[in-house]
Amino acid sequence: MLEPTTTAEPAPAATAPAAPLSYTPSGIVRATGLTRTRVFGDIAAGKLRAKKAGRQTIVMAPELQRYLLDLPDRKPRNAQTAA
């Protein structure tokens, strides 16, 4: 007796998770390592623009990227040279 043949369907392509559209302040802390105090302080100072969705505060991903790029560059330590 012949067994029915099955064709193996190709496995779905592995896709990278989609980048988030927005972040909560806690999500910003997890993603960047900034402190919660710094995040809320910069929102209050207008340096980081946030939106309200009901009671939740969110920051759009492009706004977070702009904010991070606008942070000052770290100045290198003064390297002492041997004379």
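The values are calculated or read from the model by the stated rules, or taken from the named source; none is laboratory data. Predicted model, so just to flag it, every value in this text is computed and none were measured. A quick note on method: Cβ atoms are made from the backbone with ideal geometry, for glycine too, and the neighbour counts reach across all protein chains shown.
Descriptive notes on the structure:
- Residue in segment 46-54 that is surrounded by fewer than 13 Cβ atoms within 10 Å (Cβ to Cβ), under 10 Å from the mean Cα position of the chain (by Cα) and either at pLDDT 95 or above or among the small types (G, A, S) (or both) present: no
- Criterion: modelled with pLDDT of 95 or more and part of a loop (DSSP other than H, G, I, E, B) - qualifying residue of L2, L34: L34
- The residue pairs whose first member lies in segment 11-29 and is farther than 13 Å from T57 by Cα, whose second member is assigned to a strand (DSSP E or B) and at pLDDT 95 or above, and whose beta carbons are closer than 8 Å, counting only pairs six or more residues apart or on different chains, are L21/M60.
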